[in-house]
Amino acid sequence: MNAATPSAITSAPSEQLKIVIVGHVDHGKSTFVGRLFHDTGSLPEGKLEQLQKIAERRGVPFEWANLMDALQSERDQNITIDTAQIWFQTKKRQYVIIDAPGHKEFLKNMITGAANAEAALLLIDANEGIQEQSRRHGYLLNLLGIRQIAVLVNKMDLQEYSQARFEQIERDYRAFLKTIGVEPKLFIPIAAKHGDNIASLSKNMPWWQGLTVLAALDQFKVTDLPDNQPLRFPIQDVYRFDERRILAGRVEAGAIKVGDKILFNPSNKVSTVKSIERWNAPSQDFANAGESIGITLTEQIFVERGALATLESSPPYALNRFKARLFWLGRAPFKKGKTYKLKLATQEAECEIDSIDKIIDASTLETISRDGDQSFVGRHEVAELTLRTKRPIAFDTHSEIVATGRFVIVDGFEVAGGGIVADDNYPKRTADSLHKSGNIYWSHGKVTAHQRALRNGHSGYVVWLTGLSGSGKSTIATELERELFNIGKHSYVLDGDNVRHGLGSDLGFSPEDRKENIRRVGEMAKLFADAGIICITAFISPYRADRDLVRKILAGSQSQFIEVFINAPIDICEQRDPKGLYAKARANEIKEFTGVSAPYEAPSKPEIELHTDKLTVAESVACVMEYLNVQDEGSQISI
C-alpha cells in the first residue's frame with residue numbers, strides 16, 4: 001500500500017480549506033475518500049482493523065468504500081463522530097469535506113451544501129470515461145463559482161495504467177470544460193483502491209511525475225473571509241433572555257461592532273447595536289465574517305427570522321424580481337404559473353417564474369427550444385430566467401457577495417433546484433434614500449402656469465386613458481398626440497409598456513405593485529403637466545382608488561386631470577387582442593390578468609367616456625380634442 005505515515009502529521013495546522021468531491025455514480029468517490037482518510041492518518045483509531053475483521057469473517061474482500069458507508073451509517077444514527085472522521089489534514093492545513101459521500105443524489109447536495117466549498121475534486125472512471133453526470137458536475141461547479149478544480153482520473157488499474165487512456169480523457173474533458181469557461185488546475189491519474197498517486201507517486205505509473213492528490217490540494221488557496229465586503233448578517237432566530245431580545249445569526253460578509261447603526265432589510269427598520277453576544281467565548285465589541293453571534297439593540301424594534309442586517313451606508317437590493325441562472329433537479333419540471341418557495345440566506349418567500357430567457361442542456365450545452373414552448377425547465381436543465389417573489393426580498397448579485405447572491409428553490413418539501421442571482425441593472429438604494437427629510441418643499445419657479453399657457457397656446461393637462469387591454473387606449477393616445485402636434489401643441493404620451501421598461505422595471509403585477517406603478521406615473525405626469533405639456537397616459541389602471549390617488553396628486557397643482565374611460569366590451573377586446581394576451585391568460589400562462597383573472601373597476605364619473613366598439617379612432621380623438629378646447633376657452637386660450 002502507498003500510505004502516508006500517520007505520525008508524520010504531528011500537530012493540527014490552523015489553516016482550513018473546504019472541498020467538495022464529486023463524480024458520476026460508481027466512479028469511486030467513497031473508495032477515494034476512504035483511502036484519503038487512511039493515507040492522511042485521519043481515521044478513528046481501530047476503525048480500519050474493525051472493518052477488515054468484519055470482511056474477513058464474512059468471507060468477502062475489504063473495500064475502502066465500506067469504510068465511508070460505516071461512518072455515514074453512524075452519522076445517520078446521530079452517533080458522535082470524532083472530527084477526524086469528517087476532517088482530514090496534511091502538514092499544511094486541515095480539510096473539511098462538504099457533504100461527504102454516501103448520498104446518492106449528490107447533485108442536490110452540491111446545490112444545498114457545496115456552494116460553501118472553495119475547491120473541488122472531480123472523479124472520472126478511466127474505464128467508463130466521461131459520462132453525462134461528469135459534464136453536469138462540471139457545469140454545476142462553474143455555476144456555483146468554484147474555480148479551483150482538480151480532475152482525478154480514477155481506476156487506472158482497470159486500464160492497465162495506460163498513459164494514452166489518461167491523456168485521451170484529459171484532452172476530451174478539458175475541451176468540454178473550456179466551452180463553459182472552466183480551467184481545471186490539473187488532471188491526476190489515480191487508482192484509489194490501491195492508493196496510487198494519492199499520498200505518494202505510484203510505481204505503477206512511472207510516466208506520471210506530476211503532483212499527488214495531497215500535493216495538489218495543498219496548492220489550492222484558501223479564500224479570504226469577506227471581511228472587506230459590506231456587512232451581511234442574516235437573522236437566523238430571535239431569543240428572549242430576561243428583558244433582552246437577542247438576534248442570532250452568522251456574519252456572512254463584512255464586520256459589525258457595537259454602536260453601528262443597522263438597517264434591517266427589506267423592512268427598512270433601523271436601530272443601533274447595543275451589544276454583541278457570544279456563546280462560551282470572551283465578550284468583544286465587534287465580530288467579523290464567519291462568526292456566529294447574537295446582537296442586542298438600543299431600540300427594541302420588531303425584527304424576525306429572515307431579516308438581513310446591513311449597515312445603512314451599503315444596503316442590498318430589495319426587490320420582488322431578479323434575473324437568475326438556475327439548475328433544476330426536481331423530478332417534476334419547474335413550471336410557469338406554479339408557486340414555489342425560494343430560500344435566500346435565512347429569507348423564505350413564495351416565488352414563480354416571471355419569464356424564461358434561455359434553457360440549456362447541462363450535459364451537452366445545447367440550447368433547448370421545445371418548438372417555442374419555453375414554459376418550463378426540465379430536470380438537469382439550466383435556465384437563464386427572471387424570478388418574481390410575492391414580497392420583496394433582500395439580495396446581492398452573486399458576483400458582488402456570494403452568500404446573499406445564491407438561493408435554492410423548494411418544491412413541496414424537497415429542495416428541487418438552486419442558482420445564483422445574475423447581474424442586471426437593478427435599482428439600488430443609497431444610504432440617503434432611506435431617510436425622509438422634513439426640509440423638502442415644492443419649488444415654485446418665476447414662470448407661472450398662466451404664462452406657460454400663453455406661450456404654448458394651451459394649459460398643461462393630464463389626459464388619463466383607462467380601460468381594458470385591447471380597448472384602444474394606446475391607439476387613441478398616439479393619434480391624439482399626433483393631432484395635437486400637428487396643430488402646434490406640446491404633448492407627450494406616457495405608455496404603460498414603455499414605463500414598465502424603465503421607471504416601473506422593478507415592479508410586478510400584483511395589486512400592490514400596480515398601485516405603486518400608477519403612483520409613480522401620476523407623479524411623473526404631474527411634472528409634465530406642470531411644465532405646460534398635455535401629458536397623455538395609456539394605462540389599464542384597473543383600480544378606482546389608484547386613479548383617485550392620481551387625481552389627488554394633481555389636485556394641488558395648476559394642471560388638470562381628465563379621466564377618459566375607454567369603454568369596450570371584453571368580447572370585443574378579446575377579438576382584437578393585439579398582443580395575444582387574452583389567449584395566454586385563458587391558458588393560465590398569465591396570472592392576475594385584468595378582465596380574466598383580475599378585476600377592472602370602471603370609473604364612476606369620468607370626464608369623458610368613449611365607447612370604442614361604436615366610435616372610430618378619429619371620432620374618439622375628436623371628442624377629446626373638443627373637451628380640451630372647451631376647457632381652455634375658459635382661460636381665453638384656444639386649442
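We did not get these values from a lab; they are worked out from the coordinates using the rules stated. The model shown is predicted, which means the values in this text are computed figures rather than measured ones. Here the Cβ positions follow ideal geometry from the backbone for every residue, glycine too, while neighbour counts run over all protein chains shown.
Separation of the alpha carbons by more than 21 angstrom is noted, of Lys155/Lys203; Lys178/Lys323; Lys358/Lys428, for Lys178/Lys323; Lys358/Lys428. Between Ile368 and Arg544, the contour length at 0.36 nm per residue exceeds the alpha carbon distance by 59.0 nm.
Restriction of the GluC sites (Glu not before Pro) in the stretch 344-402 to DSSP coil positions whose beta-carbon has at most 10 other beta-carbons within 10 angstrom yields Glu366. If the cut-off is a Cα-Cα distance under 12 Å, which aspartates and glutamates reach Lys489, setting aside same-chain residues fewer than 8 apart in sequence? Lys489 reaches Glu481. For a straight C-alpha distance cut-off of 19 angstrom, the lysines reachable from Lys584 (same-chain residues fewer than eight places away being disregarded) are Lys335, Lys336, Lys338.
Averaging the Cα positions of each part gives two centres, and for the stretch 352-408 and the stretch 490-547 these lie 30 Å apart. Using only alpha carbon pairs under 8 Å that are at least six residues apart, calculate the relative contact order of the stretch 155-277 and give it in whole percent. Relative contact order comes out at 14 percent. Straight Cα distances below 12 angstrom link Lys261 to the aspartates and glutamates Glu299, Glu312, with same-chain residues fewer than 8 positions distant left out.
Judged by the ratio a/c of the largest to the smallest principal axis of the C-alpha gyration tensor, the stretch 233-311 counts as rounded, that ratio being less than 1.5.
Here the contact order of the stretch 478-554, divided by its residue count and restricted to Cα pairs under 8 Å and six or more residues apart, works out to 36 percent. Distances between placed amide hydrogens fall under 5 Å for Leu17 paired with Gln94, Tyr95, Val96, all partners being 5 or more residues away or on another chain.
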